[in-house]
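Visitor: Before I ask anything, here is the structure I am working with.
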Amino acid sequence: MKISYKKLILLALLPFSLNATTLEEIMQITLKNNANIKAMDYDVASKKETLKSVSNTMNPTINLGANYSRLDLDTRSSQVGATSTGYLKFGVDLYDGGKNSSIKKQKSFELQSTKFGKETSIKEILLQVVQLFYGIKTVDENIKAYEDKSKALNAEYKREKQKYDLKMVTIDEVLKLQSEYESNQYIIEDLKYQRDDLYQNLSLLVGAHISSIDNSKLPDLKNIKYKQSTYIQSLQSSLKAANENIKQISAIKKPKIRLEDSINIYHYDDYDKRVLKDLPDQQNQLMLSFNLNLYDSSTSSKKQSAMLAKLVKQEQLNYAKSKDRVLFDLAKKKLSTQKAKINSAKSALKMANSVYDIILTKYQNGIVDNIAYLDALSKKTINRALYNQALNNYEIAKANYYFSSGIDYQKVLKINF
């Protein structure tokens, strides 16, 4: 995994820096600073405004306007040459086949879907934060384990070097330790690079520079029961919106009744006042219109398309419901598995430490060679790393279990210290 130039530029633009940060602080800052969450806030706000724009289902309108018309060539004496008209028109749909009502419901369901989708995305982002947080802890603890190995190797190297200087051992005994020490240093440098990369990815996700983390642990929540996730709720709202879209198309074939009332003010020029003596200066016009679409060539296809789109969403929902429950059951099982791994790793580390202590004593007394010593030291280091990894993976498994259960992520923010 390479640290890109663009990533470094983005890090430089982050608003502030946090040191020795707790997991709770990181999550709270993420909720405020994460660019994707901000974008979703704007999306929700946009959907709210769209809903407001269609809230009045009677579709009232008020229009103010003016027009000017002029007749030239062969005008009769009973005609007006130029007419200026100013008008104020009010209109309202008394019945539109239920179209506007369906539009309002559709936009309301789309808003609900967006809100639930936002909650789903927030959980996914917070889960990424948890994974990066404990990934850093795992790498950091592995660095400490391999640094302790380097200290032990260096001490034994110096001891063997003194023996070599006194012609008590051959050069290969010294070189084996030196070679193992250099290989171990290579591993440490690679782990440090991994840690830096994880810190930068975490900083980008959070929206703040983070250079160190503490020993936070997620709370141990009991009696968690499965409930449908916000992702399922988002799909359900989306399905309802699709159903309202079908109703809108069906409304095309239903009768429409509209009421309009307009006030008109007139001004005339270029006419024979002797012939036209009684031209109105102003008029009020009330119009009630009825319209029924008997046939068009596109409504049937549009409705069929909308129904197929609804079926797509229904199948997506059915699959998501099954998958959601399976993921919860797997997450619960994973949590139990991680507990077992911790116990196994702890037992393996305890035995590796005991074996190492025995082999070290024998090695320093010349009973076993450095191959046995190096093998025992490597096993001790590896088992220490595996134990630390098991502990941190358990925290990640908890987060995955909590979020897959449909639990409110705010409960997960109550971190233990």
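Visitor: Give me the aspartates and glutamates in straight-line cross-link reach of Lys118: C-alpha distance below 19 Å, same-chain residues under 8 apart excluded.
Guide: Asp41, Asp43, Glu49, Glu110, Asp324, Asp408
Visitor: Can you list the residues, at least 5 places off or on another chain, whose amide H is less than 5 Å from the amide H of Val368, using H built in the peptide plane?
Guide: It is Tyr363, by chain and number.
Visitor: Pairs Lys52/Lys99; Lys99/Lys313; Lys137/Lys346; Lys339/Lys379: which are spaced more than 19 Å apart, C-alpha to C-alpha? Walk me through the numbers on the way to the answer.
Guide: On the way: Lys52/Lys99 16 Å; Lys99/Lys313 22 Å; Lys137/Lys346 17 Å; Lys339/Lys379 22 Å.
Checking Cα-Cα distances, Lys99/Lys313; Lys339/Lys379 exceed 19 Å.
Visitor: Round to a whole number: what % of the accessible area of the chain belongs to carbon and sulfur, probe 1.4 Å?
Guide: On the way: 13320 of 24610 Å².
Summing carbon and sulfur atoms, their accessible area is 54 percent of the total for the chain.
Visitor: For every other residue with a beta carbon closer than 10 angstrom to the beta carbon of Leu198, add +1 if it is Lys or Arg and -1 if Asp or Glu, then tell me the sum. Numbers along the way, then the final one.
Guide: Values: positive: Lys137, Arg195; negative: Asp140, Asp196, Asp197.
Net of charged neighbours comes to -1.
Visitor: With every protein chain kept in place and ligands, DNA and RNA left out, what is the accessible area per residue of the chain? Probe 1.4 Å, answer in Å².
Guide: On the way: 24610 Å² over 417 residues.
Here the per-residue accessible area is 59 Å².
Visitor: What accessible surface, in Å², does a 1.4 Å probe find on Arg159, ignoring ligands, DNA and RNA and rounding to the nearest 10?
Guide: Arg159 has an accessible surface of roughly 60 Å² with all protein chains in place.
Visitor: In nm, what is the difference between 0.36 nm times the number of residues separating Lys161 and Ala39 and their Cα-Cα distance? Working shown, then result.
Guide: Values: separation 122, 0.36 × 122 = 43.92 nm, distance 6.24 nm.
Result: 37.7 nm gained on full extension.
Visitor: With a/c under 1.5 counting as rounded, go ahead and sort the stretch 353-396 into rounded, prolate or oblate using the C-alpha gyration tensor (a ≥ b ≥ c being the square roots of the eigenvalues; past the cut-off, prolate if a/b is larger than b/c, else oblate). Could the numbers behind the result be given before it?
Guide: On the way: a/c = 6.73, a/b = 3.48, b/c = 1.93.
Judged from the Cα gyration tensor, the stretch 353-396 comes out prolate (a/c at least 1.5, a/b above b/c).
Visitor: For the stretch 202-254, what class follows from the C-alpha gyration tensor (a ≥ b ≥ c being the square roots of its eigenvalues): rounded when a/c is under 1.5, otherwise prolate if a/b is larger than b/c, else oblate?
Guide: It is oblate, given that a/c is not under 1.5 and a/b is not larger than b/c.
Visitor: For the stretch 256-376, what class follows from the C-alpha gyration tensor (a ≥ b ≥ c being the square roots of its eigenvalues): rounded when a/c is under 1.5, otherwise prolate if a/b is larger than b/c, else oblate? Don't skip to the answer; put the middle values down first.
Guide: On the way: a/c = 7.00, a/b = 3.98, b/c = 1.76.
The shape class here is prolate.
Visitor: Under 8 Å for C-alpha pairs, at least 6 residues apart: give me the relative contact order for the stretch 212-336, rounded to a whole percent.
Guide: It rounds to 36 percent for the stretch 212-336.
Visitor: I'd like the projected area of the stretch 226-291, averaged over all directions, using the convex hull of its alpha carbons. Report it in nm² with one decimal. Intermediate values should be presented prior to the final figure.
Guide: Numbers: hull surface 37.2 nm².
For the Cα atoms of the stretch 226-291, the hull's average projected area reads 9.3 nm².
Visitor: Here is a further query. Return the label of the correct value of Kirkwood radius over Cα pairs in Å, as calculated from the structure shown, out of (i) 23.2; (ii) 25.8; (iii) 28.9.
Guide: Checking each listed value against the structure points to (iii).
Visitor: Can you tell me the relative contact order of the stretch 61-174? Whole percent, Cα pairs under 8 Å, sequence separation 6 or more. Please list the in-between numbers first.
Guide: Numbers: 49 pairs, mean separation 17.9, N = 114.
Taking the mean separation of contacting Cα pairs over the length of the stretch 61-174, I get 16 percent.
Visitor: Further, regarding this structure: Label points 7 Å out from Cα along the Cβ direction at Tyr186 and Lys414: separation in nm?
Guide: A separation of 5.0 nm, rounded to one decimal place.
Visitor: Turning to a different aspect of this structure: Ignoring ligands and nucleic acids, what accessible area does Lys310 show with a 1.4 Å probe (Å², nearest 10)?
Guide: Rounded to the nearest 10, that gives 60 Å².
Visitor: Can you figure out the FRET efficiency of Asn291 with Asn215, using R₀ = 51 Å and their beta-carbon distance, to the nearest 0.05? Mind showing how you got there, number by number?
Guide: Numbers: r = 72 Å, r/R0 = 1.40.
Computed FRET efficiency for Asn291 and Asn215 comes out at 0.10.
Visitor: In addition: Enumerate the residues in the stretch 260-298 having an amide nitrogen under 13 Å from the point lying 7 Å beyond the Cα of Ser84 toward its Cβ.
Guide: Backbone N within reach: 265-270.
Visitor: Can you give the extra length, in nm with one decimal, that the chain gains between Leu94 and Lys323 once fully stretched, where that is 0.36 nm per residue apart less the Cα-Cα distance?
Guide: Details: separation 229, 0.36 × 229 = 82.44 nm, distance 4.61 nm.
77.8 nm is the gain from fully extending Leu94 to Lys323.
The values are calculated or read from the model by the stated rules, or taken from the named source; none is laboratory data. No experiment lies behind these values; they were computed from the predicted model shown. So basically every Cβ, Gly included, is an ideal-geometry build from the backbone, and we count neighbours across all protein chains shown. Areas reflect the complete protein model, heavy atoms only, side chains present, ligands, DNA and RNA absent. Shrake-Rupley method; radii C 1.70, N 1.55, O 1.52, S 1.80 Å.
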